[in-house]
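Here's the structure we're looking at; comments come further down.
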Amino acid sequence: QKEVEQDPGPLSVPEGAIVSLNCTYSNSAFQYFMWYRQYSRKGPELLMYTYSSGNKEDGRFTAQVDKSSKYISLFIRDSQPSDSATYLCAMSRVNDMRFGAGTRLTVKP
Amino acid sequence: GAGVSQSPSNKVTEKGKDVELRCDPISGHTALYWYRQSLGQGLEFLIYFQGNSAPDKSGLPSDRFSAERTGGSVSTLTIQRTQQEDSAVYLCASSSTSGGETQYFGPGTRLLVL
């Protein structure tokens, strides 16, 4: 079993839809949880960063962490074609960071 | 300030040749990471530098891969006797510490071994 599991998709939604992206993990020692967005032929860029369980909102994006279930989610409201990218979850503890495989999202106009 | 930069952005080489990939981290970042990303795959950890400590080389796939970090700043990833399976995007990231803080990525070097 991989330490971080993420459905690679691809996921295709119409513009304006709510998108839900998820990852599960197995190591309860992870303390920091991140979502990166990677456009085609670019490096990953940090989108959301959370430390504790609960929700964190930033504009149209909400990151949710449930440490008891070892489950993290990223919600995108009112999705736009410009949101089309690969989304990678990541989690870390001191000296150890792990990434999911990434979910490829396409938002169709 | 400037982000993480990598060069070259693209590299095409012939099987058996050596290649060098360069990473210039964000100024002041003590931690530097190299990853490999193959088509449709996640990020594969290669090597990690933290300050002046010995690097964590646990992710290097073979002894053909090596990396240096000079003066705690610029890093070079070297692949000797390249193979076709080495074709991938090589990403560099840096962070201010190694205490779980987020990593900032460069644009990557796309390596194609013919």
Check: lysines near A:Lys2 by alpha-carbon distance under 18 Å, same-chain residues fewer than 8 away left out - which ones?
Finding: A:Lys67, A:Lys70
Check: Under 22 Å Cα-Cα from A:Lys108, which lysines qualify once same-chain neighbours fewer than 8 residues away are excluded?
Finding: A:Lys42
Next item on the list: Using only the Cα atoms of chain B, construct the convex hull and provide its projected area averaged over every direction, in square nanometres to one decimal.
Entry: 6.7 nm²
Notebook entry, point to check: Tell me, what is the percent relative contact order of chain B, built from C-alpha pairs under 8 Å that lie six or more residues apart?
Noted result: 38 percent
Check: If the viscosity is 0.692 mPa s and the temperature 37 °C, what Stokes-Einstein diffusion coefficient in µm²/s follows for chain A when Rh is the Kirkwood radius over Cα pairs?
Finding: 236 µm²/s
Item checked: Ranked B:Tyr35, A:Tyr49, criterion: other C-beta atoms within 10 Å, fewest first -> A:Tyr49, B:Tyr35
Next item on the list: Name the lysines eligible as straight-distance cross-link partners of B:Lys17: C-alpha to C-alpha under 25 Å, and not fewer than 8 places from it in the same chain.
Entry: B:Lys57
Item checked: Label point distance in nm, B:Ser53-B:Ser9, each placed 7 Å from Cα along Cα→Cβ -> 3.5 nm
Note to self: To make sure I understand, if each residue's beta carbon is the centre and we count other beta carbons within 10 Å, what order do A:Val107, B:Val12 fall in, fewest to most?
What the structure shows: B:Val12, A:Val107
Check: How much net charge surrounds A:Gly16 when only the other residues with a Cβ under 14 Å from the Cβ of A:Gly16 are counted, with Lys and Arg +1 and Asp and Glu -1?
Finding: 0
Note to self: Just to confirm a number: summing +1 for Lys and Arg and -1 for Asp and Glu over residues other than A:Phe61 whose beta-carbon lies under 10 angstrom from that of A:Phe61, what do you get?
What the structure shows: +1
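Coordinate-derived values only; no laboratory data. Quick caveat: nothing in here was measured; it's all calculated off a predicted structure. A quick note on method: Cβ atoms are made from the backbone with ideal geometry, for glycine too, and the neighbour counts reach across all protein chains shown.
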